[in-house]
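Right, one structure below, let's go through it.
Readers should treat all values here as calculations from the given coordinates under stated rules, not as data from a laboratory. Values in this document were obtained by computation on a predicted structure and should not be read as measured data. FYI the Cβ positions are ideal-geometry reconstructions off the backbone, even for glycines, and counts take in every protein chain you see.
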Amino acid sequence: MSNFFEELKRRNVYKVAVAYLVTAWLIIQVVSTVGPNLNWPDSIAPLTTRILLVGFPIALVLAWLYEFTPQGLKRTGAVQQDTTDNRKAGRRINRLIIGSLSLVLILMLVERLFLAGSTLYPDKQMASIAVLPFANMSSEEENEYFADGLTEQILDELANLSGLQVTARTSSFKFKNKNEDVRKIAEQLTVNYVLEGSVQYDSRRNRIKITAQLINAYNGYHLWSETYEDDFDEVFGIQEDVSRKVAKQLRIQLLPDEDKVLSTKLTENTEAYKFYIRARQFSVKRDDKNLEQAISLLNQALEIDPEFAEAHAELSFLYPQRFFYGNLSKEVRDERMDFHLKKALSIAPNKPEVLKAEASYHLRLRIDSSKAISNLRKAIELKPSYADAHYALFQALGWAKQMELGIKSLERAVELDPLDFFATILAMNYYRNKEYEKAFSIVDNIIANDPSAGAARRKALWLGNEPYGNLVEGFKLIHEAGKKDPYILDNLISHVVFPLNLDLWPVSEKYMNQLQMRYPDNMATFYNVSHIYELKKDYPKWEEWIDFWVSEKNLDPEEEAKDRAWLNGGLQNYQKAISILEHTFTYLKKNTIDVDSLELEEAEVWVYYIDYLRMNNENKKADSFSQEICKYYNKIIEEDSFTSYTNNDIQLDCFYISNDTTNFLKALEERFFIKKDRREVFSEMKLGIYKRFKDNSGYKALEKRITEEVHRQRAEVIAYLKEEGDWDPAWEKELGLE
């Protein structure tokens, strides 16, 4: 046997094997690095590897049978041992090995110093990462929530690191079950690195297996991967280890507080944790059924661990969410929201989630903007990649009239969560500044990833506004979004509101009935049912509707007062309408208006009040107030701090309450036909918003022209609905089209 190994050495088989392996590794690295940049097919790298693997034994056989000589390759048997030629052949192979190793060393140094940190976005100063949804490898399909929950918790832990920008859950989870190249995903999310993996949970044995791998998005390299298999009780340690190793690979220096956060468990009870991560699967969806399920699961978590601060903080946010997006009474919302916020604050007042929950409470109830801003800045300091906190800070700064700073917070929120509704709000800012291409580019990107998203509704509204006036395409967008998710609240609201702009009130009524059945306790249902009754001038039912909502304690006194005043205005009980408004909004009894402290919502109440004063022949009083309101509105228009739609609306209101018929008609014609701001003009006229001018000949002529244009677009929409098989022939009779 020793003779055999000596023969291998003499024939340079060892040296050829080393030289081959080194050269092969070098070729594979070059192909893997150069291929993506030259857009080579993904199959090139694995094919090269397979060829080189097959070639390895062939090279060894050839090394045994042949030797290098100055005269070329010769059979080993024809070459004398220990000749000069044989020694020269060995030296050539040595030089080949040394040269190959040198190239390998150079490549490794280049990769480590220049390429490993290279990304699709070399100008970014901070490492950035997207944690993609881990694949569920469990035999039980219902355990998918474990994969989602663990993904989110790892993402959440990484979000605490100040040296790392982490894409938020909403955007990362858009790519769930999508077999896309990680480099393309990284490009859409604007990140340098991607973490992906899989989770396998065996509920019978309470065992969990997690595989995680970190990928450089620039070249597709796997920087690190590891598999963990343990009892589920060790899940917190696994999550911590993954986070620490990702930070280490990305050379993130942990600050002492960050190190402490990674070591902190959400709860000591893993059963409570299971309920918590399962709840997160439902809480991110804005509809009644999912929010109800999330609330139920979180309450189950708290039954096991009443001191679970994050669960309390989440509930203090979800109850108002369900009130807004689903079915929940105001009374229950307020009681539960208060209870869970107080509990969270008593347990862990300085946790980012609790700070954000308290800030949201202040924002929602308009209590203290400075407290909200302070809390949110502290939450962001503790958790830099907290997208929800950045967005809430934008809202708080806007409330405090610090819009320039607010927009920066909004931009940061979008940077962290580019496919969430935050981006739609940023697009609205671009739209307001007449940067229409930027605005539409953002919403189109969101719609491409989620056609049922609120971005479709936003785009539809813009298409109906200045400078487009295209109610047809706007309606089609809303209809398409409704087909994707027909019963989500926003889609139902849009299907009630938008057809009214096209004089398609039977279509609105169809969806209003669905809205009322599915969301009977939602404020949007109250408003839209009221509008239908107002449009049809069915005042007895309207009054019953208001009485019912008051009896259910779901209506704020201010909302009740406005609706009862509008109802009495429709019934021409103007003195009663005035009395109702004065009783609730006591500032109306003052002789002057403080323009400097006036808010837009308050100004709208003044507009209705002035209108009723004029209807009641109290013109002198109305003149005095209308001058002040117009001064405020003109200030808003000059500052250009609102959308052109709002500016057009308040300009009309100013001329209307001032009884300036000439300028009113001129502004209305310009708004609809020249600026093409058409979204709600027709429905507002039908609702009687400008009823004092209804007998004016100029108003009548303009109303006729507006109706003709609306009906022209309506005909296109009817043709579209017939093609879609979504048109009821009975509607033609109701609309007088037979």
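Let a ≥ b ≥ c be the square roots of the eigenvalues of the Cα gyration tensor of segment 620-738; is it rounded (a/c under 1.5), or, if not, prolate (a/b larger than b/c) or oblate? Prolate shape, in that a/c is at least 1.5 and a/b is the bigger ratio.
How do TYR273, TYR609 line up, fewest other C-beta atoms within 10 Å first? Numbers along the way, then the final one.
Numbers: TYR273 24, TYR609 21.
Lowest to highest Cβ neighbour count: TYR609, TYR273.
Residue order for LEU345, LEU405, LEU477, fewest other beta carbons within 10 angstrom first, comes to LEU405, LEU345, LEU477. Of ASP521, ASP181, the sequence from fewest to most neighbouring Cβ atoms within 10 angstrom is ASP181, ASP521. Averaging the Cα positions of each part gives two centres, and for segment 251-274 and segment 158-196 these lie 21 Å apart. In this structure, the residue pairs whose Cα-Cα separation is over 32 Å, taken from LYS330/LYS351; LYS438/LYS691; LYS553/LYS694; LYS174/LYS356, are LYS438/LYS691; LYS553/LYS694. In a DSSP loop and with at most 10 other Cβ atoms within 10 Å, the GluC sites (Glu not before Pro) in segment 571-613 are GLU599. Within the straight-line cut-off of under 18 Å between alpha carbons, the aspartates and glutamates reachable from LYS733 are ASP503, GLU509, GLU716, sequence neighbours fewer than 8 places apart in one chain being disregarded.
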